[in-house]
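Peer 1: Dropping the structure in here first, questions after.
The values are calculated or read from the model by the stated rules, or taken from the named source; none is laboratory data. From a predicted model like this one, the values you see are computed outputs, not experimental measurements. All Cβ positions, glycine included, derive from the backbone under ideal geometry; neighbour counts span all protein chains shown.
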Amino acid sequence: MLVTGASRGIGQEISLQYARAGATLAIVARSEESLGETKSAILAAVPSAEVLVLSADVRDPQSAERAVQAVLARFGKLDILISNAGAISSIEQTLHQKDPDLWWNSFEVNIRGVFNFFRAAATALEQSRGYCVAISAVRAQVRSPGSSDANMSKHAVNRLIEFIVLEYPRVRAFALAPGVVRTRLAVEAGVGVSLNTAALPAATTLYLTSGRADWLSGRYYSSHWDITEVERDWKDAILEQKGLVNKLNIPKLRT
């Protein structure tokens, strides 16, 4: 499996939990040096774990191609892709106050980064009937002042996941909202509220790629939801009404 943005926070915890589950891992960040802590944590927990450390900028399609090819050369296949790398500018600034390059960087990382790595991995994932999980956000479903770049780019991630399963039916794909986790990225952006640790979205990711939640493929899912309750009480309605996908809300005229 391959995890982007694995040097800290949610990506690091995802890598650790998969290692404990017995996965062979490729961990990706812009700098190999920054991945040292993640690799050390994995080997401390699972001394026999096989970990490939790769430097790649998710914004660069050639960099993504090289990373995926390195995984295939080392492990012979790729069955799980976790696109976790993310970016957000300060939520304390309105549109005209934001640095335009930082605003656009959120799109480069959050949506182009997911596209670049899936594009590079698509053939391998189809061959393995694999999984793609892209880290989305609750913000993708709301409009909040100061968060235009994060909200819009994560909303686009949800739609990209829908296209992945439309065009690659052998691949199971999910847009996962991790909840508000107190990562360095969130703190730097001014997000002060923390509702859960990185362990929750990491465990949810593990469940989504276990084969027990394939019916949710192509949809948005939140780590905060109780999967047992969702499947028991909501599965039929979600499938029948094509729920948990991006839709335009069209008002009904009064008669």
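Peer 1: Can you tell me which of Val133, Val157 is assigned to a helix (DSSP H, G or I), β-branched (Val, Ile, Thr) and in contact (Cβ under 8 Å) with a residue 40 or more places away in the chain?
Peer 2: Only one candidate passes the filter, namely Val157.
Peer 1: Looking at (1) touching a strand residue (DSSP E or B) at 6+ places or on another chain (Cβ under 6 Å); (2) at pLDDT 95 or above, which one does Glu32 not meet, given that it meets all the others?
Peer 2: Of (1) touching a strand residue (DSSP E or B) at 6+ places or on another chain (Cβ under 6 Å); (2) at pLDDT 95 or above, only one is false for Glu32: (2).
Peer 1: Taking Ser48, is it small (Gly, Ala, Ser) and part of a helix (DSSP H, G or I)?
Peer 2: In short, no.
Peer 1: Here is a list: Ala124, Ala140. Which entry is part of a helix (DSSP H, G or I), farther than 21 Å from Asp60 by Cβ and among the small types (Gly, Ala, Ser)?
Peer 2: Selected residue: Ala140, the only one of Ala124, Ala140 that is part of a helix (DSSP H, G or I), farther than 21 Å from Asp60 by Cβ and among the small types (Gly, Ala, Ser).
Peer 1: Residue pairs, Cβ under 7 Å, 6 or more apart or interchain, first in region 220-232 and free of Cβ contacts under 8 Å to residues at least 24 places away in the same chain and surrounded by 15 or more Cβ atoms within 10 Å (Cβ to Cβ), second of a type outside the set (S, T, N, Q) and not in a strand (DSSP E or B). List them.
Peer 2: Ile227/Tyr207; Ile227/Ala213
Peer 1: For region 70-79, name all the residues that are within 26 Å of Ile161 (Cβ to Cβ) and either modelled with pLDDT under 95 or not in a loop (DSSP other than H, G, I, E, B) (or both).
Peer 2: Across region 70-79, the qualifying residues are Ala70, Val71, Leu72, Phe75.
Peer 1: Of the residues that sit in region 80-117 and are more than 17 Å from Ser55 (Cα to Cα) and touching a Phe, Trp or Tyr at 6+ places or on another chain (Cβ under 7 Å), which one is modelled with the highest pLDDT?
Peer 2: Result: Ile80.
So that you can scan it fast, the table gives a plain yes or no per residue for (1) in a loop (DSSP other than H, G, I, E, B); (2) more than 22 Å from Leu200 (Cβ to Cβ):
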position: Ser15; (1), (2): no, no
position: Ala23; (1), (2): yes, no
position: Ser31; (1), (2): yes, yes
position: Glu37; (1), (2): no, no
position: Arg59; (1), (2): yes, yes
position: Ser89; (1), (2): yes, yes
position: His96; (1), (2): no, yes
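Peer 1: Taking the criterion of being within 19 Å of Tyr131 (Cβ to Cβ), in contact with a helix residue (DSSP H, G or I) (Cβ under 8 Å, 6 or more places away or on another chain) and without any contact (Cβ under 8 Å) to a residue 60 or more places away in the chain, would at least one residue in region 39-47 satisfy it?
Peer 2: No, region 39-47 contains no residue that is within 19 Å of Tyr131 (Cβ to Cβ), in contact with a helix residue (DSSP H, G or I) (Cβ under 8 Å, 6 or more places away or on another chain) and without any contact (Cβ under 8 Å) to a residue 60 or more places away in the chain.
Condition check ((1) under 19 Å from Ala23 (Cα atoms); (2) surrounded by fewer than 24 Cβ atoms within 10 Å (Cβ to Cβ); (3) acidic (Asp, Glu); (4) over 18 Å from the mean Cα position of the chain (by Cα)) across all residues:
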{"site": "Ala45", "(1), (2), (3), (4)": "yes, yes, no, yes"}
{"site": "Lys98", "(1), (2), (3), (4)": "no, yes, no, yes"}
{"site": "Phe115", "(1), (2), (3), (4)": "no, yes, no, no"}
{"site": "Arg119", "(1), (2), (3), (4)": "no, yes, no, no"}
{"site": "Ser144", "(1), (2), (3), (4)": "no, yes, no, yes"}
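Peer 1: Follow-up. What residue, among those in region 121-142 that are within 24 Å of Leu95 (Cβ to Cβ), buried (at least 18 other Cβ atoms within 10 Å of the Cβ) and not β-branched (Val, Ile, Thr), is modelled with the lowest pLDDT?
Peer 2: The residue in question is Arg139.
Peer 1: Return a yes/no flag: does region 145-162 have any residue that is within 26 Å of Gln69 (Cβ to Cβ) and in contact with a Gly (Cβ under 9 Å, 6 or more places away or on another chain).
Peer 2: Yes; the residues of region 145-162 include at least one that is within 26 Å of Gln69 (Cβ to Cβ) and in contact with a Gly (Cβ under 9 Å, 6 or more places away or on another chain).
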